[in-house]
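To start, the structure under review is shown below, and the notes come after it.
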Amino acid sequence: DVKVTQSSRYLVKRTGEKVFLECVQDMDHENMFWYRQDPGLGLRLIYFSYDVKMKEKGDIPEGYSVSREKKERFSLILESASTNQTSMYLCASSSDVPHYGYTFGSGTRLTVV
Amino acid sequence: AQKITQTQPGMFVQEKEAVTLDCTYDTSDQSYGLFWYKQPSSGEMIFLIYQGSYDEQNATEGRYSLNFQKARKSANLVISASQLGDSAMYFCAMRKRGGSNYKLTFGKGTLLTVNP
């Protein structure tokens, strides 16, 4: 079964810490995405990548960075975690075939205290 | 800029009845794709159905159908014969087709509750 795997389901970090969220896909997909999901706001795109070492800012990139050194792995980095980054983070991947939907990971619920 | 609007924050339906979840979109692109996703309380995002902007027929997948009205820029999801397991959050999304930009933009979602 094809999968997108996020390294942690729940994470608690302190304000100011550097936080790494890892995402791995086994479908050889070109495109990978990081979203955050907040009640009443839906899913908002943070960053995406359409190739190794390539990245583009999404709608809310401030306070985040990303890394894609290998095709299967896409990391989201919170350089200095803040309480307003407490959220559900969802990773997704997709091929270049337009009608194929995105495959999502199970999400990481991050709490910054 | 692409925008997805879901005007129903919550919907209730009786088991075995049909329900329509509304979605309107705004784009200047001619080529685009529309998706519906289901998110149960477990948090996983489940792909339900896809409609391409050039598809002449409405998409169907089992109990799900997409009522696509291009001129009105609407892409409503119809669930027939609702089941208790259909209780979940539903998101409409649009993807720009072609080029290097494959972003998927989501609406804010509709919480569907199916009553026994």
Can you name the residue in region A:19-49 that is touching an Asp or Glu at 6+ places or on another chain (Cβ under 6 Å) and more than 29 Å from B:T5 (Cα to Cα) and is also surrounded by the most Cβ atoms within 10 Å (Cβ to Cβ) among such residues? A:Q25
By residue number, the members of region A:43-56 that are within 11 Å of the chain's Cα centre (by Cα) and within 9 Å of another protein chain (Cβ to nearest Cβ) are A:R44, A:L45, A:F48
Filter region A:84-113 for residues that are over 20 Å from B:S42 (Cβ atoms), open to solvent by less than 50 Å² (accessible area, probe 1.4 Å), out of contact with any Ser or Thr (no Cβ under 9 Å at 6 or more places or on another chain) and in a loop (DSSP other than H, G, I, E, B) and give the result. A:S95
Does any residue of region A:58-72 turn out to be of a type in the set (A, V, I, L, M) and open to solvent by less than 10 Å² (accessible area, probe 1.4 Å)? no
Which numbered condition in (1) within 14 Å of chain B (Cβ to nearest Cβ); (2) open to solvent by less than 30 Å² (accessible area, probe 1.4 Å) is the only one that A:A81 fails? (1)
How many residues are part of a loop (DSSP other than H, G, I, E, B), under 24 Å from B:A93 (Cβ atoms), touching a Ser or Thr at 6+ places or on another chain (Cβ under 7 Å) and at pLDDT 90 or above if we restrict to region A:1-26? 1
Based on this model, can you work out whether B:L104 counts as modelled with pLDDT under 95 and touching a strand residue (DSSP E or B) at 6+ places or on another chain (Cβ under 7 Å)? yes
If B:M94 meets every condition in (1) modelled with pLDDT of 95 or more; (2) assigned to a strand (DSSP E or B) apart from one, which number is that one? (1)
For the structure I just gave you, tell me whether A:G40 is part of a loop (DSSP other than H, G, I, E, B), small (G, A, S) and within 11 Å of chain B (Cβ to nearest Cβ). yes
So which residues in region B:11-70 are surrounded by fewer than 18 Cβ atoms within 10 Å (Cβ to Cβ), under 21 Å from A:P39 (Cβ atoms) and within 14 Å of another protein chain (Cβ to nearest Cβ), if there are any at all? B:P40, B:S41, B:S42, B:G43, B:E44, B:I46
Looking at B:C92 and the list (1) within 24 Å of A:R44 (Cα to Cα); (2) open to solvent by 20 Å² or more (accessible area, probe 1.4 Å); (3) more than 9 Å from chain A (Cβ to nearest Cβ), which single condition is not satisfied? (2)
Of everything in region A:58-88, what is more than 12 Å from the chain's Cα centre (by Cα) and either at positive phi or among the basic types (K, R) (or both)? Give them in sequence order. A:G63, A:K70, A:K71
Identity of the residue in region B:18-30, of a type outside the set (S, T, N, Q) and over 15 Å from B:S65 (Cβ atoms), that ends up farthest from the chain's Cα centre (by Cα): B:D29
Can you tell me which residues in region B:47-78 are touching a Cys at 6+ places or on another chain (Cβ under 8 Å) and among the hydroxyl-bearing types (S, T, Y)? B:S74
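The values are calculated or read from the model by the stated rules, or taken from the named source; none is laboratory data. Quick caveat, the model's predicted, so the values are computed rather than measured. With ideal geometry, Cβ positions are generated from the backbone for all residues, glycine too; neighbour counts draw on all protein chains shown. Areas reflect the complete protein model, heavy atoms only, side chains present, ligands, DNA and RNA absent. Shrake-Rupley method; radii C 1.70, N 1.55, O 1.52, S 1.80 Å.
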